[in-house]
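Below: one structure, written as structure tokens.
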Amino acid sequence: MNLRDYICWANNVNEYEISPKVAKEESWGFRHLGKVVLPKIQFQYTDAVKGSDGYASFRSTALVKWARQTWPLLKCLDAKIQTQDPGDECKPHLDFLGYYLEDVVRTMPELGKVQHSLAKPGIDVWRMFVALDDLVDGQIFCINGREWRWRKGDCIRLDNWQALHWTKNNSAHQRSLIKITGILS
């Protein structure tokens, strides 16, 4: 299927229902990319908008500007801070990225014709997470059965097409990460 057809599929499927059926345990899961310099932006946790997926998020143009400076080779950058309150959980899923890819195709229409599937992605999407604080006991980010153990500033790249992942906050402290998505071309 081409990327436009994939986007239509991704935007009409329940990712929490289908992901466990299509995820690949043998995928590389995630890769450590080292430490990054954190952005110097003012952020109030009360600014985060609570979603239905087990976390709240906050977007700002300053955060996207920081992402562009940090990853200059990536195009169509999106960045947001995700917070997860104590007791919250995000169920196992893959990131199909349908709505993100809609914006990509609006910006780069030629990509809509590229052949694309979960097994053979036609574009090189980088989905990364950066820790804003040190890991606290009880905070879990599990990718293909392997927990990411982070320190402030640590960055990982996720195999969003294949690696089943979930988060849970069993601690008494809010967990905050930056989620960055971009295209390497």
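Computed from the coordinates by the stated procedures, all read-outs in this text should not be read as laboratory data. Bear in mind that the values here come from a model prediction, so they are computed numbers and not experimental data. We place every Cβ from the backbone using ideal geometry, glycine too, and count neighbours over all the protein chains shown.
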> With each pseudo-label sitting 7 Å past Cα toward Cβ, what's the ASP124-HIS32 distance in nm, one decimal?
Replying inline: 2.3
>> Given axes a ≥ b ≥ c from the Cα gyration tensor, I'd like to know whether segment 69-113 is rounded (a/c under 1.5), prolate (a/b larger than b/c) or oblate.
In response: oblate
> By a straight-distance test (C-alpha under 14 Å), which aspartates and glutamates pair with LYS168 as possible cross-link partners, with residues fewer than eight away in the same chain excluded?
Replying inline: ASP53, ASP85, ASP88, GLU89, ASP137, GLU147
> Around VAL104, with a cut-off of 12 angstrom between Cβ atoms, what is the net charge of the other residues, counting Lys and Arg +1 and Asp and Glu -1?
Replying inline: -2
> When a footprinting reagent is the concern and you count Cβ atoms within 10 Å, what order do MET1, MET128 take, fewest first?
Replying inline: MET1, MET128
> Stretched out fully, how many nm does the piece from ASN170 to LYS113 gain, at 0.36 nm a residue minus the Cα gap?
Replying inline: 16.2 nm
>> Here is the link list: LYS65/LYS120; LYS80/LYS113; LYS80/LYS152; LYS35/LYS65; LYS50/LYS91. Which ones come out longer than 21 Å on Cα distance?
In response: LYS65/LYS120; LYS80/LYS113
> Once label points are set 7 Å from the Cα along Cα→Cβ at both VAL64 and ASN2, what is their separation, rounded to one decimal in nm?
Replying inline: 2.6
>> In the chain, if the dipole is taken from +1 on Lys/Arg beta carbons and -1 on Asp/Glu beta carbons about the Cα centre, which of PRO86, ASN11, ILE156 is farthest to the positive end?
In response: ILE156
> How high is the relative contact order of the chain, in percent, counting Cα pairs under 8 Å that sit 6 or more residues apart?
Replying inline: 36
> Using the alpha-carbon atoms, what tilt in degrees (0 to 90, nearest 10) does helix 98-107 show relative to the longest principal axis of the chain?
Replying inline: 60
> Length gain on complete extension for the stretch PHE43 to ASN14, per 0.36 nm per residue less the alpha carbon to alpha carbon distance?
Replying inline: 7.3 nm
> What is the packing order of peptides 163-175, 134-146, taking the mean over residues of other C-beta atoms within 10 Å and listing the highest first?
Replying inline: 163-175, 134-146
